[in-house]
Ligand SMILES: CC(C)(COP(=O)(O)OP(=O)(O)OC[C@H]1O[C@@H](n2cnc3c(N)ncnc32)[C@H](O)[C@@H]1OP(=O)(O)O)[C@@H](O)C(=O)NCCC(=O)NCCS
């Protein structure tokens, strides 16, 4: 099993958008994912490949000393094999020179919360009724 991290390119977006629609009820639109690949210098769209197939992805923004992980997923068939942990560790390593990393996660998303806590994130505050269905978001922070 060959694992590789690389920049998400515009030609990856159809595959990523299909996974995104399968995974999230409030999925990012195709155009939103595509805009992550427009080369603006604060945007770092990443894919994780297993044997040449996209198994996961993340959309990260970095400003001055802050890193925001805006989107993060592993495709269902690749889950619970340690790949989510590899992807978050890759991101944290890539941005080790920054000060803080932040992300938002649904309060009910125990799998992701466990992963982020294992990677060293802590709940920073709660955004009440943040999601369109009224669910709260945990804003999590890790000092880098
Ligand atoms: C959350 C997610 C990224 C985890 O990816 P993964 O590759 O399955 O995670 P890993 O195999 O690396 O697991 C790492 C840790 O995460 C936690 N975890 C992963 N899946 C879990 C599950 N189904 N239930 C509870 N904890 C879970 C565990 O603590 C695990 O450590 P362990 O293996 O020592 O128990 C994946 O389930 C996913 O893509 N979910 C849908 C998208 C999503 O919710 N993204 C986050 C949005 S903020």
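The values are calculated or read from the model by the stated rules, or taken from the named source; none is laboratory data. Everything quoted here is computed from the prediction, not taken from an experiment. All Cβ positions, even for glycine, are placed from backbone atoms using ideal geometry, and neighbour counts span all protein chains on display.
At-a-glance table
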| read-out | value |
| --- | --- |
| Candidates 62, 96, filtered to the one that is more than 8 Å from the ligand (Cβ to nearest atom) and surrounded by 14 or more Cβ atoms within 10 Å (Cβ to Cβ) | 62 |
| Positions within the stretch 4-26 being crowded, with 16+ Cβ neighbours inside 10 Å and either at pLDDT below 95 or more than 15 Å from the ligand (Cβ to nearest atom) (or both), in sequence order | 8, 12, 13 |
| Residue tally, condition surrounded by fewer than 15 Cβ atoms within 10 Å (Cβ to Cβ) and within 10 Å of the ligand (Cβ to nearest atom), over the stretch 110-123 | 5 |
| Total residues in the stretch 99-109, condition within 7 Å of the ligand (Cβ to nearest atom) and within 12 Å of the chain's Cα centre (by Cα) | 3 |
| Flag for residue 124 being over 24 Å from residue 1 (Cβ atoms) and in a strand (DSSP E or B) | yes |
| Filter pass, residue 67 being surrounded by 15 or more Cβ atoms within 10 Å (Cβ to Cβ), within 17 Å of residue 19 (Cβ to Cβ), in contact with a helix residue (DSSP H, G or I) (Cβ under 9 Å, 6 or more places away or on another chain) and touching a residue at least 12 places away in the same chain (Cβ under 8 Å) | no |
| Residue check for residue 138: part of a strand (DSSP E or B) and surrounded by 12 or more Cβ atoms within 10 Å (Cβ to Cβ) | yes |
| First in the stretch 86-113 and closer than 20 Å to residue 47 by Cβ, second anywhere and near the ligand (Cβ under 7 Å from one of its atoms) and in a helix (DSSP H, G or I), Cβ under 6 Å, 6 or more apart | none |
| From the options 50, 88, residue that is within 12 Å of the ligand (Cβ to nearest atom), in contact with a helix residue (DSSP H, G or I) (Cβ under 9 Å, 6 or more places away or on another chain) and within 17 Å of residue 143 (Cα to Cα) | 88 |
| Per-region count, the stretch 36-51, residues more than 22 Å from residue 105 (Cα to Cα) and without any contact (Cβ under 8 Å) to a residue 40 or more places away in the chain | 5 |
